[in-house]
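The values are calculated or read from the model by the stated rules, or taken from the named source; none is laboratory data. Worth saying up front: this structure is predicted, and the values here are computed from it rather than measured. Keep in mind that these areas ignore ligands, DNA and RNA; they rest on the heavy atoms of the full protein, side chains included. Shrake-Rupley method; radii C 1.70, N 1.55, O 1.52, S 1.80 Å.
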Amino acid sequence: ARPPPNDATDAISMTKDDGLDAPYTTRLAEVARAFLPLGFLAFGGPQAHIAMFLKTFVEERKWLDQDRFMELMSLGQAMPGPTSTQMATAMGISRAGWLGGLISFILFDWVGFVVCLVVGTIIFTFVDGADADPAAVNIYREVVVGMGPAAISQVFIAAYTLGNKACGTDQIKVGLAAVTCMVALLLPSSFVAAFVYLGMMLLGGVITAFDARRPSRASVYPLKTPEDKDMLRNMGMTPLTGASLVVVAVVVFVVSWVVALSSDVAWASPDAARLFALFQTLYRMGITIYGGGQVVLPMLENEFVDRCGTGTNYVQDFAGSAAAAGGCQWVSAETFAFGLALAQSLPGPLFNFSAFLGAAFMGVPGGFIGFIGLFSPGILLIYAFMPFWENLRRRAWVRCALVGMNASSIGLVFTACVKLYFKYVKTSGEAVVMLLCILAVKGYGVKAPVAIVGGAVLGWCLFALDAGGPYCHVSTYGRYPQFQMDPCIPGTY
């Protein structure tokens, strides 16, 4: 057997013919060749991504055996951030050290990121920006009529699929998800949401850790100690490096939060204050949200569409601070729905939505800042916890706590379903679009991008014909007088 690796260019100790004896540059090239096509093909969300990774890296390239692959998946699921991106990063590290992880992260995400950045910038320039063309705005609002219902149909599918997987029919798990959902729905503003969400997930972990101690519940939890393959400790990451990265992640979170809320900070320009607030907002989500892209949706909607809730009001309560810069609404509800539909139609993780939102709010700089803000905590932490994870998951209470944290995080997906439904389904015609998209994807196997585009087209047709209307919430309603004749009562929509 080969001696254990002792530097950052070595990785997982596997078998003698695993290819890790190849020169470091060769292994870097292998990582690039493997992940470049995945950037174009990774449709379907995290479960589809994981299945693709299993086929590519376990069955075909044989970089890992199935047990080692499951170790990486467990590590990704235990961290805040996008699981599939963290898995891609971890596999790059396992093959070619920290630089391999960086290459795999970039190549897996870049296609969706670039498209979201470009489209968001176009919307910032022509629709939501100060120099927006009114004619372009009207066309845009009509086009996105069906986008919202089509996009949230995929959130409902995710809630159903993930709910079955994480909770099933177990009363404790279902109860944790339901309570988390209800608490999240009752929050008055986005200001405390990140902390309450994190608290609910930690509470869920504590409950299942204690519940697992009951003999009658032993079969529900993963109590069997997993075999120690000494895998994650052999990725060139020392415990000191890992601990340092954790400190960096937490310090950035605390300092950015304090600075963003302070009215004593002198900013070079209003744009600088907005960009910092954008980074801090998304970084805060990235480090506190456990469960991936669908879970973060209610927070994104709160922070970008309605920052002045019934409780804490950023603009009034923190006047003069970076958090108050940009006003109560960073992007319109129509733009949020359009961006969500776009991100779900592209390869890569849903977290790429952050690049769209940032670009729609602040152009190209905002797109980059938004992407870095939401992704960086999860990537920092996947690097940080590798040296510790093998020891941690040998403890039964850790494995059992993860069960409750998963169940609680599912409640936030259902929160997104409720909030987004009331925001983007205001007529029976829009409800039809949403239901047909769910049926197409879940019942007939239609690919999500096809269903979303089809739903958008159908939504516009129903709007133009006033079928299932009236569409009084659309500003251009009435442009087709031969069909759109229903009266709109002021204040109804």
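Taking only the alpha-carbon positions of region 292-440 and ignoring solvent, what does the Debye formula give for the base-10 log of I(q)/I(0) at q = 0.15, 0.18, 0.19, 0.20 Å⁻¹? With no solvent term, the Cα-only Debye profile gives -0.97, -1.21, -1.27, -1.33.
Straightening the chain between Leu223 and Tyr480 buys 86.2 nm, computed as 0.36 nm per residue apart minus the Cα-Cα spacing. Rounded to whole numbers, the Karplus 3J(HN,Hα) couplings from phi for region 313-321 are 10, 4, 5, 7, 6, 10, 4, x, 8 Hz, using 6.51 cos²θ - 1.76 cosθ + 1.60 with θ = phi - 60°, and x at Gly and Pro. The distance from the alpha carbon centre of region 325-372 to that of region 384-438 is 20 Å, rounded to a whole number. Across region 110-119, computed HN-Hα scalar couplings (Karplus, 6.51 cos²θ - 1.76 cosθ + 1.60, θ = phi - 60°) run 5, 5, x, 4, 4, 5, 4, 5, 5, 5 Hz from first to last residue, x flagging Gly and Pro. With 28 Å as the limit, the listed pairs Lys173/Lys442; Lys55/Lys419; Lys62/Lys442; Lys419/Lys442 have Lys55/Lys419; Lys62/Lys442 beyond it between alpha carbons.
Counting each pair of different Cα atoms once, what's the Kirkwood radius of region 96-215 in Å, rounded to one decimal? Mind showing how you got there, number by number?
Working: mean 1/r = 0.0525 Å⁻¹.
One decimal place: 19.0 Å for the Kirkwood radius.
Ranking of Cys400, Cys472, Cys461 by solvent-accessible surface, largest first: Cys461, Cys472, Cys400 (1.4 Å probe, protein heavy atoms only, all chains present).
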